[in-house]
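Enquirer: Provided herewith is a single structure, encoded as structure tokens, for subsequent inquiry.
The values are calculated or read from the model by the stated rules, or taken from the named source; none is laboratory data. It should be emphasised that the depicted structure is a prediction, and the values quoted were computed from it without experimental measurement. Quick reminder, even Gly has a Cβ in these numbers, built from the backbone with ideal geometry, and neighbours come from all protein chains shown. Side chains are part of the model used for accessible areas, which takes the heavy atoms of the whole protein and leaves out ligands, DNA and RNA. Shrake-Rupley method; radii C 1.70, N 1.55, O 1.52, S 1.80 Å.
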Amino acid sequence: MRFLTSGESHGPQLTGIIEGLPSRLPLSVEDINPWLRKRQGGYGRGRRMVIETDTVEIVSGVRAGRTTGAPVTLVIKNADYRNWSEIMDPAPGNEPRKKALTAARPGHADLAGGIKYHHKDLRDVLERASARETAMRVAVGAVAHKLLSFFGVESVGFVAGMAGVWSKVPFDWELRSRIEESPVRMTDPEAEAEVIRRVDEAKARGDTLGGIIEARFKGLVPGLGSQMHWERKLDGRVAQVALSIPAVKGVEIGTGFENAMKPGSQVHDAIYWEEGRGYYRQTNRAGGTEGGMSTGEELVVRAALKPIATLMTPLPTVDVVTHQPADAARERSDTTAVPAASVILEALTGIVLAQAYLEKFGGDTLEELVERVERYKEHARTY
């Protein structure tokens, strides 16, 4: 399964094309839109989330509520485009355009992208670099999660800590409903209240906040990914999609960073076997991967999200046209997007896992895939 997205932050629409899905997968907009709503939620979001009410259209590859095996095309219209149609018009002329950006914003793609592509109006960089693009990748992720559900895979995305506050309530799968109801997607009500207070303070002073997000998956078969070639290692592929989320600057699988400071006897997960259950671990410090493959234990992915780079109290920068000192431009932005980023991490990790299942089990139809997965599960239990 491969996919491609296109579209700009203030363009007419975002488009996604997914190739390689099996036929006969039940799929409708109701499988996707709840994910888009979750991505738009979370305490600390800005006015763009009020303007846009993201919903998806399925324009190819699905008929009568089932995939046909053809490429699936998804579209999300940008409601704000009506205010930007002249600025974003692809026709030549009318330059310099309104809202041209020449003061590169620290922490953004503006300066490096301007140098790379020879743009002096840095809007040609930021429109595609914007986190708005993740709306379509979340839609693609929703389709991947629909496929994973037929293999018995469950998932959750949440916030482990943000704004300098850590959740003190350990994660449990029974807390998923609590996470979904939380405005900051945390397990701990006390931590949630303190985070909200700090977000309000940061907004009042024109600052932004970051945090640590986590995604977990259970029900995975062992052996997804491969030790044979570096680019097929499951943990490497998961880390790559995590780092592709705007503002993510660090990733760990399991307790990766903590493990680095301990002796091996306190890190590795002993292996046990039980009749009817097969192989299992009593600990999961490895986070569900060994040697670039899934172990069958929970996949645990954490990512560090830096504070959003667009500050209402702007940092010093340089104008790329005049080379004179300037204040960084202030595009409409959020105080924090950490809760939303946990949804994105869950969605994108699901894409990697769906790809791994399709690579391992193949099949042109959903029924073929499910049958092969179930046969493999029995093999893993009795091996």
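Enquirer: Can you tell me the relative contact order of the stretch 7-159? Whole percent, Cα pairs under 8 Å, sequence separation 6 or more.
Expert: Dividing the mean separation by the residue count of the stretch 7-159 yields 32 percent.
Enquirer: Counting other Cβ atoms within 10 Å, which trypsin sites (Lys or Arg not before Pro) in the stretch 136-191 have at most 11 and lie in a DSSP loop?
Expert: Lys168
Enquirer: List the residues whose amide H sits under 5 Å from the amide H of Gly161, counting only those 5 or more places along or on another chain, with H placed 1.01 Å from N in the peptide plane.
Expert: Result for Gly161 returns Ser167, Ile212.
Enquirer: Amide H to amide H, which residues 5 or more places from Asp121 or on other chains are under 5 Å from it, using H placed in the peptide plane?
Expert: For Asp121, no residues qualify.
Enquirer: Related question: Output needed: percent of Cα pairs per 20 Å distance bin for the stretch 2-382, bins running from 0 to the one holding the longest distance.
Expert: Binned Cα distances yield the sequence 26, 55, 18, 1.
Enquirer: Whole-Hz ³J(HN,Hα) for each residue in the stretch 212-220, computed from phi via Karplus 6.51 cos²θ - 1.76 cosθ + 1.60 with θ = phi - 60°, x for glycine and proline: what do you get?
Expert: With coefficients 6.51, -1.76 and 1.60, one gets 10, 10, 9, 10, 10, 9, 10, x, 6 Hz.
Enquirer: Over all pairs of distinct alpha carbons, what does the Kirkwood formula give as the hydrodynamic radius of the stretch 107-180, in Å?
Expert: Taking every pair of different Cα atoms in the stretch 107-180, averaging 1/r and inverting gives 16.1 Å.
Enquirer: So which of Lys38/Lys120; Lys77/Lys116; Lys203/Lys249; Lys116/Lys262 end up more than 32 Å apart by C-alpha?
Expert: Too far apart for the 32 Å limit: Lys38/Lys120; Lys116/Lys262.
Enquirer: Which percent of the accessible heavy-atom area of the chain goes to carbon and sulfur, probe 1.4 angstrom?
Expert: Ligands and nucleic acids excluded, carbon and sulfur reach 53 percent.
Enquirer: For the stretch 65-115, state which trypsin sites (Lys or Arg not before Pro) are in a DSSP loop and have at most 16 other beta carbons lying within 10 Å of their beta carbon.
Expert: For trypsin sites (Lys or Arg not before Pro) across the stretch 65-115 that sit outside H, G, I, E and B with at most 16 neighbouring Cβ atoms in 10 Å, the list reads Arg97, Lys98, Lys99.
Enquirer: Roughly what angle does helix 338-361 make with the longest principal axis of the chain, taking Cα atoms, 0 to 90 degrees, to the nearest 10?
Expert: 50 degrees
Enquirer: Go through Met1, Met261, Met186, Met228 and list them by solvent-accessible area, largest first, probe radius 1.4 Å.
Expert: Ranked list, largest accessible area first: Met261, Met228, Met1, Met186.
Enquirer: Given the C-alpha centroids of the stretch 333-383 and the stretch 298-328, what is the distance between them in whole angstrom?
Expert: When both Cα centres are located, 33 Å separates them.
Enquirer: Summing +1 for each Lys or Arg and -1 for each Asp or Glu, what net charge is found among the other residues whose Cβ lies under 14 Å from the Cβ of Leu243?
Expert: My count for the surroundings of Leu243 gives +3.
Enquirer: What does the charge dipole of the stretch 30-100 about its Cα centre add up to, to the nearest 20 debye, if the Cβ of each Lys and Arg holds +1 and the Cβ of each Asp and Glu holds -1?
Expert: Here the stretch 30-100 has a charge dipole of around 260 debye.
Enquirer: Report His229's accessible area, 1.4 Å probe, all protein chains in place, as a number in Å² to the nearest 10.
Expert: 80 Å²
Enquirer: Taking the Cα centre of the stretch 107-201 as origin, work out the dipole magnitude from +1 charges on Lys and Arg Cβ and -1 charges on Asp and Glu Cβ, in debye rounded to 20.
Expert: 460 debye
Enquirer: Continuing with this model, one more query. Going by a ≥ b ≥ c, the root eigenvalues of the Cα gyration tensor, does the stretch 35-168 fall in the rounded group (a/c under 1.5), the prolate group (a/b larger than b/c) or the oblate group?
Expert: Because a/c hits 1.5 or more and a/b fails to exceed b/c, the stretch 35-168 counts as oblate.
Enquirer: Considering amide H positions built from the backbone, and no H for Pro or chain starts, which residues 5 or more places from Thr289, or on another chain, come under 5 Å of its amide H?
Expert: Result for Thr289 returns Thr295.
Enquirer: Find the accessible area per residue for the chain; the probe is 1.4 Å, ligands and nucleic acids are left out, and the unit is Å².
Expert: 48 Å²
Enquirer: In whole Hz, what ³J(HN,Hα) sequence does the stretch 173-183 give by Karplus (6.51, -1.76, 1.60; θ = phi - 60°), x for Gly and Pro?
Expert: Each residue's phi maps through the Karplus curve to give 4, 5, 8, 4, 5, 5, 4, 5, 7, 6, x Hz.
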